[in-house]
Amino acid sequence: MKLASLKSGRDGKLVIVSNDLAWYADAGHICPTLQAALDDWARIAPKLAALATDLEHDVIPKERFHEHDAASPLPRAYQWADGSAYVNHVALVRQARGAEMPESFWHDPLMYQGGSDGFLGPRDAIPLGDVAWGCDMEAEIVVVTGDVPMGISASDARGCIRLVGLTNDVSLRGLIPDELAKGFGFFQSKPASAFSPVFVTPDALGSRWDGARLHGALCVDLNGKPLGRADAGVDMTFDFGQLIAHAAKTRNLSAGTIIGSGTVSNRDADGGPGKAISEGGLGYSCLAEVRTIETIQRGKPETPFMKAGDTVRIWMEDEKHHPIFGVIEQQVVDA
């Protein structure tokens, strides 16, 4: 089933969305918000599934679903932890900086804790205070967990995944170096992220979901031109079970925790850095990787970061070329 939150108060109004994303049914008589549903998932999920079936069979009242009316499915969350599962991306960035790649990065995931007290809606603008901050998109896969006990194994953690979706994890690249140099991690360089209009239960993803990874091209367009078509199921060094287990090593995770994959990144078929779509490659899920490859190949970055007026689109299609999770479409605006 597909779940969304229409804009209403701080936590949205929970609705069930049809598989084709054309219609929705109000789920308020079952549960008011998605967070409340996740808090009591064993009892609430079957009732939501029955409502989803009724919606598909057209036997209950329904209304048109407009993605512009949607908040992020969780408009705010108890926790948002973003990993860096595609180590190819990390390796390229470090290569461009001339920094050695620690061997530990291949068996110990990178992860940071992002701000989760308020997310952007999937069609909300990205406010930018200064173009020098280096505004970048990061197209990623996310999962939402139920309650996760401390010390869980990666295999058991896969059973805690309740929902799957997409995110645009906005990054301010110009602020990152000084923050990391302090040795205390991201804060100002990681503003509010946006999530796909709907989150989807794993069972509704069919063969695209293998229990720990989402397979398929993650589509990214910038100003109407293809930027990325990387396959999310390829070159993922750490699966979501491993990422969840990493996050839960020393703490319990509360129901509603969002775990991100990090920027989806593929190597080229010859094993080298990924190529642009115009060169027959799968492209890139963020501008930092484009600039990194330009630096490696030509000595300096050439592609600018986003500025006011630029628009990014992020989505994933099913076999009929219809968006599975809806579309994240955001324009950068002056704050």
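With Cα atoms as the point set, the range 1-152 shows a radius of gyration and Dmax of 19.3, 61 Å.
The coefficient of translational diffusion for the range 82-128, derived via Stokes-Einstein from the alpha carbon Kirkwood radius under 37 °C and 0.692 mPa s, stands at 248 µm²/s.
Shape class for the range 70-196: oblate, because the ratio a/c of the largest to smallest gyration tensor axis (alpha-carbon atoms, square roots of eigenvalues) is 1.5 or more and b/c is at least a/b. About the centre of its Cα atoms, the range 46-108 shows a dipole size close to 160 debye [charges on the beta carbon of Lys, Arg (+1) and Asp, Glu (-1) only; nearest 20 debye]. Membrane-span-like helices in the chain (whole DSSP H runs, Cα extent of at least 20 Å along the helix axis, mean Kyte-Doolittle hydropathy of at least -0.5): 41-56. With Cα atoms defining each centre, the range 1-46 and the range 75-148 are spaced 26 Å apart in the structure. Its alpha carbons give the chain an Rg and a Dmax of 19.2, 62 Å. Can you tell me the FRET efficiency between S153 and A335 if r is taken as the Cβ-Cβ distance and R0 is 30 Å, rounded to the nearest 0.05? The formula returns an efficiency of 0.10 here.
Per the Debye calculation on the range 205-269 with a single equal scatterer at every Cα and no solvent contribution, log₁₀ I(q)/I(0) for q = 0.20, 0.28, 0.29 Å⁻¹ amounts to -0.90, -1.24, -1.27.
Peptides 104-110, 87-93, 192-198 ordered by packing proxy, namely the average of other Cβ atoms within 10 Å per residue, highest first: 192-198, 87-93, 104-110. Kindly identify the range 119-182 as rounded, prolate or oblate by the Cα gyration tensor criterion: order the square roots of the eigenvalues as a ≥ b ≥ c, call it rounded if a/c is under 1.5, otherwise compare a/b with b/c, prolate if a/b is larger, else oblate. The shape class here is oblate. Counted by Cβ distance under 12 Å from G224, the other residues give a net charge of -1, where Lys and Arg count +1 and Asp and Glu count -1. With every protein chain left in place, what is the accessible area of D39 in Å² (1.4 Å probe, nearest 10)? D39 has an accessible surface of roughly 90 Å² with all protein chains in place.
Helical runs (DSSP H, four residues minimum) scored at -39500 (n - 2.57) apiece and divided by the length of the chain put the mean residue ellipticity at 222 nm at -5500 deg cm²/dmol. With a ≥ b ≥ c the root eigenvalues of the C-alpha gyration tensor of the range 111-261, is it rounded (a/c under 1.5), prolate (a/b larger than b/c) or oblate? The shape class here is oblate. Scoring 10-17, 58-65 by mean Cβ neighbours within 10 Å over their residues and listing the highest first yields 10-17, 58-65. Checked against a 26 Å cut-off, the cross-linked pairs K47/K249; K13/K249; K62/K320; K225/K320; K275/K307 give Cα-Cα distances beyond that limit for K47/K249; K13/K249. Of the peptides 140-147, 256-263, the ranking by mean beta-carbon count within 10 Å, highest at the top, reads 256-263, 140-147. Largest first and in whole Å, the equivalent-ellipsoid semi-axes of the range 243-335 read 28, 20, 18, each the square root of five times a Cα gyration tensor eigenvalue. Each of V148, G165, P191 was placed along the dipole of the range 92-221 (beta-carbon charges, centred on the mean Cα), and the one lying farthest toward the positive end is G165.
Taking only alpha carbon atoms, the range 180-317 gives an Rg to Rh ratio of 0.97, where Rh is the Kirkwood radius.
The values are calculated or read from the model by the stated rules, or taken from the named source; none is laboratory data. Since the model is a prediction, treat every value here as computed from it, not as a measurement. All Cβ positions, even for glycine, are placed from backbone atoms using ideal geometry, and neighbour counts span all protein chains on display. Only protein heavy atoms, including side chains, enter the accessible area calculation; ligands, DNA and RNA are left aside. Shrake-Rupley method; radii C 1.70, N 1.55, O 1.52, S 1.80 Å.
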